[in-house]
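A short reminder: the numbers here are calculations on the coordinates, not readings from a lab. Since we're looking at a predicted model, the values are computed, not measured. In this analysis, Cβ positions are derived from the backbone assuming ideal geometry, glycine residues included, and neighbour counts consider all displayed protein chains.
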Amino acid sequence: MTCHRNYRKGLALCFVLVCLSTISLAQSAGVLLPQNVGIGEQASGSIVLNPNDWQNVAGIRVIPFQLPNSSANAAPNLSDYLVEINPGQSFPASGAFSFKVEQNLKLMIKSAGASKAQPVTLNIPFPSAAITAPPQGFTTSPIAMGGLMQTIRGPFQGDASNASVLLNNLAAPIIAESQSSLFYLAPENTPAGSADVLVKDKDRKTHFTVAVLSLQMSADKLNLLKGESTAFHVLVKGAESLPPESWWGGEAQGGDVDTLHKLLPNFHPPTGLDRGYLVLIIENLSSNVVMSGGQKIALTFTYPQSGKYGYDGTLTATKAGGFVVNGTLIPFLRKQPGTGASTDGTATSSDSQTATALRDKAQQLRTHSDTLRQQNSGNTDSRVRKKIEDEIAQDNSNADKLDQLAYDLEKASINAANGQGSSTISELRKDASNQLNNPVLQAKNDEPQVPAKPGNTPEHPGTTSKPNTPGTTEKPQETPHTPTTPEIPKTPTSTPQTPDNSTTNKKKEEKNDCPQRGKGCVALVIDFSADYSFEFDMSTVSKKLSDAGCDTDYIAPKFKDVPKESLFSTPTAAEIKAAQDHNQAQWDSVNDAEKKHREKVAKGVEIAIEITNGHGGEAAPGLPCGDVEPNDWRGSYLRRDDFHQGNYKAANKNVCSWFTADLTCYGGLTPKVVDELENLTTATCKAASTIACGNHAGWEADGSMSSAKSTDTCTNGSVWWQSGYVKEALDAEIKRRAAGQNKDYSTLIQALNSSTVKSTTARYTDHGYAKDHPPVHARGGYGEKSSDEQ
Amino acid sequence: MRNHRMSSRAAIFLLALLPLAMSGQQRGKFVPPDFDRKMEALKNLEHGVAPLFVLGDLNEDGVVDEKDLQLAQAYAQGNASAGISCLAAGDLNSDGAVDAKDVTLFQQALKKGPIPAPPLAYHSSLRCDYKNFFVASMSGTRVGGTLPVHFLDPRFNAQNSSVTVQSGQATAAKNGNAYRVQVAKTAPKESFITLAITLADNRKYTYTFQVH
């Protein structure tokens, strides 16, 4: 679902577009039909007066035509028309009409009154497709937006005259229906927040809880004089009511991906084992205003979100006039299953209880699949991922079957209670009993589904987690997988400022300083090369950091060789385990150091520094930003995405500067993910770069560097000499401090942010959330062109 | 594979900083004698490439024999380590020490006769001088990844020496003056691949690495 038609509720100038649109399209109409139907299938469609708005809406076919008897003086009203399918089979044009799909659908639209206007006859061909098997369960997007179409997949009858949708007890018009999908329009004024959707289709019912979102856009001033500025605000209301289990990657609905790719060509939708996202794209369409943060800003929100789902920016006019800012919201979330709802009528109490038990079991399976997702988010092993994805699909399929069985049993029970013989009820009861005592499913629920194996470490390096099983009293872990840090990120405290050349304002800005100025330096150095003779370690850098007054944690794990079979020896299982346990303890020390460092940073420091050294891994499935690890395989690794995301959250608005150095191969993935965090707040290494200064972590300047590009290995030497740039900056700081020249770290911040970062193979720099004015970001070495290097 | 920014200026800069590297060796990290020269030979190779040592070859003469056993026995009994230039080579069970257990393993191996193709090893926390380091490689690689085998001794090169895959899902091919071992995408994670290395002087070695 894409809210790209938000001009109807956006900024004031957009209203002009609406008026023009209404006038020019006043005579047009369109027939909406479900797109994928087979010959012989029952289906329903409807008539609309805005056919252009329905072009490229997924699942819907639009056949435009001109309404008869339209008057230039009055807007047409569909209630004045009839749709005739066959002679004598008429439907009000203001509602849905049903038909059986044949090679050609002959449709007549005529005036309902005594008008002498010629009716319109449409002959709509259908491709010779067979009816596809309908899905066994009901699913829909976990979000809805007022005034936009929603889709429900499920085993429908196809006849909209026997169907209804209630959204928070308000009737929602059905646009189209097939035997596998129902399309309805969410009422325009549905308030944002959690909403109940009750769907009836003949004697079948299902129920969803969805989050109704509204994209609110407003500006303090709607017309600007030349040089004048105004604040504008974009807010996604209702997103906080999305349930945690929906925050998984899933198929984007409709043309979302196409739309997104037009705006962000490098964005890759998250898979079912990745975190889900809401992507908000804000685009300035007017040439007479400049938008803070760039002409196009992409923001992503995931779970759990701290602060609002929105953005505050500034528009500054280069010419007097109004403006148009477009907002597009694109969800990448998991679809919601419909929960079983009792059929109309009275089943016997025992059948009802059995049906309830079946639905409960279906829910258990869905919970189980969510747990699997949670545990395997980020798993790097493609075979394990495939196995888990298959298992999740199997769980969901079984859940759908159980829901359907519950429905069939209740329906047969009602028929029996009403004196209508049901030849199948005994079979259904037997089937239900078998399913509830199914040893296969039962065992499936009780056994650990995922082997705890090295490398399967989505949460923390060096840890393995015990899979949860459904049906136990154990509380499911919070979903989806979240970064390793427990700290809650703070929202930007100030709006990115707009360019202003006035002397007065410059003087004001000079008086403002970073809130953490003078609060010291905190550094974390994780060094996987300290134990290797022919690798440059970071003990020297660590010492220099300490000498420069930084509170430095130097973590150089000493792993043991895990014995392997050789000509001389065959290790015992105990010997192997002893080495593995030792290495696990070393990984624990890395985790502890991360946590300790973040706690210190979150309290507020002038500069936060993280340096990693060792062997870098490239981006891989499930490991989109690669990893850092020791040279030998030691049972785990440090994920770049989680490491930097946790550090970003700790530093965000708590530091004057955040600096990272990744001295490993493929280390360019670090500036890449830092760029993404600094501007999009996510760590997918898939999102295209943008500029959103309000998301920068540090007040003054942030930077990230590496010894290699994001797609390249590196040499032993390059790791060393590129770390020399950091050493140079630290040496200068040490000298200044020895001479008593430094009261704070502003000089070191500048040194790290300028020559140091810009000299390295891959880098990202910005000027902080308080000072940045695009375009000033330096980017390089990871596939993004620098705005100031082009 | 070389870093594009590895300019001559940068190389000079590197050499100037090397003493710092040595002064920075803390926490018991062993720095072999003549480290600068050895590092110079490695600095333009892939990060992670290091010289291999011959497991069991404590005196680094290229063969594993009774002399090495005697050195290991003496060391295990607490006698002086004179003559041992690669203590790491005596840690046959990879437990981080050279002791009676290693001596027993050594005796058992030599009882079967001369060792025709001793195994090469990548890393140990114990010291090794790398007096005769002639082959350098990495500790392992990923599924579908590549592992280089470089000849550091000028007497040996990819033309007069060979690297073949003895076991495991991989292929080996010449690549300039080195060999490049390509691990199959179907290779199981955590499986082992063993290479057979034959030098120009007909000495044979094996090298086993793990796929991760």
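Across the range B:107-146, the residues whose backbone nitrogen lies under 13 Å from the label position 7 Å along the beta-carbon direction of B:Gln166 are B:115-121. Sorted fewest first by neighbouring Cβ atoms within 10 angstrom, A:Met145, A:Met291 come out as A:Met291, A:Met145. Mean per-residue shielding of peptide A:566-576 is 6, counting Cβ atoms of other chains within 10 Å of each Cβ. The ratio of the alpha-carbon radius of gyration of the range B:56-181 to the globular-protein estimate 2.2 N^0.38 Å is 1.16. Judged by the mean number of other Cβ atoms found within 10 Å, the most tightly packed of the peptides B:143-149, A:364-370, A:164-170 leads the ranking A:364-370, B:143-149, A:164-170. Each part reduced to its alpha carbon centroid, the range A:665-725 and the range B:120-155 end up 31 Å apart.
When you count the other C-beta atoms within 10 angstrom of each residue and take the mean per peptide, A:208-214, A:726-732, A:662-668 line up highest first as A:662-668, A:208-214, A:726-732. Computed from the C-beta positions of A:Thr209 and B:Ala196, the FRET efficiency with R₀ = 60 Å rounds to 0.40.
Given R0 = 45 Å, the distance between the Cβ atoms of A:Ser90 and A:Lys308 translates into a calculated FRET efficiency of 0.35. Exposure proxy shown here: for A:Thr540, B:Thr104, the number of other Cβ atoms within 10 Å sets the order, fewest to most, as B:Thr104, A:Thr540.
Rounded to two decimals, the Cα-based Rg/Rh of chain B, with Kirkwood Rh, is 0.98.
The mean count of C-beta atoms from other chains within 10 Å of the C-beta of residues in B:110-119, rounded to a whole number, is 1. Modelled this way, with points 7 Å down the Cα-to-C-beta line, the labels at A:Ser164 and A:Asn52 are 3.7 nm from one another. Residues within the reach of a label modelled at B:Asp34 (point 7 angstrom out along Cα to beta-carbon, backbone nitrogen below 14 Å), restricted to the range B:44-64, are B:60-61.
Compared with the alpha-carbon gap, the fully stretched path from A:Thr339 to A:Asn36 is longer by 106.6 nm at 0.36 nm per residue. Over chain B, DSSP H runs of length four or greater, each weighted -39,500 (n - 2.57), average out per residue to a 222 nm ellipticity of -7000 deg cm²/dmol. List the residues of the range B:143-162 whose backbone N lies under 18 Å from a point placed 7 Å from the Cα of B:Lys174 along the Cα-to-Cβ direction. Residues B:148-162 qualify, since their backbone N sits under 18 Å from the label point. FRET efficiency for the A:Lys603 to A:Asp220 pair, using the beta carbon distance and R₀ = 35 Å, is estimated at 0.50. Backbone amide hydrogens, once placed in the peptide plane, bring B:Ala170 within less than 5 Å of B:Ala184, excluding anything fewer than 5 places away on its chain.
Fully extending the segment from A:Ser754 to A:Met108, taken as 0.36 nm per residue of separation minus the present Cα-Cα distance, adds 225.5 nm.
Spin-label model, B:Asp65/A:Ala171: points 7 Å from Cα along the beta carbon direction are separated by 10.1 nm. Overall, chain B carries a charge dipole of about 860 debye about its Cα centre when +1 sits on the Cβ of Lys and Arg and -1 on the Cβ of Asp and Glu, all other atoms neutral. The order of A:Lys564, B:Lys111, going from fewest to most other C-beta atoms within 10 Å of their C-beta, is B:Lys111, A:Lys564. Using only the Cα atoms, work out Rg/Rh for the range A:520-780, with Rh taken as the Kirkwood radius, to two decimals. Checking Rg against Rh, the ratio lands at 0.99.
Within a 10 angstrom radius of each residue's Cβ in A:522-535, how many Cβ atoms of other chains show up on average? Whole number is fine. What the average comes to for A:522-535 is 5. According to the Kirkwood relation over distinct C-alpha pairs, the hydrodynamic radius of the range B:56-117 is 11.3 Å. Pairs to check: B:Lys67/B:Lys112; B:Lys67/B:Lys111; A:Lys564/B:Lys174; A:Lys237/A:Lys308; A:Lys202/A:Lys411. Give those whose C-alpha atoms are more than 19 Å from each other in this structure. Pairs exceeding 19 Å: A:Lys564/B:Lys174. When you filter the trypsin sites (Lys or Arg not before Pro) in the range B:29-65 for DSSP loop state and at most 14 other Cβ atoms inside 10 Å of their Cβ, nothing is left.
Quick check: pseudo-label points 7 Å beyond the Cα along Cα→Cβ at A:Ile576 and A:Asp431, how many nm apart are they? Going by the 7 Å Cα→Cβ label model, 4.7 nm.
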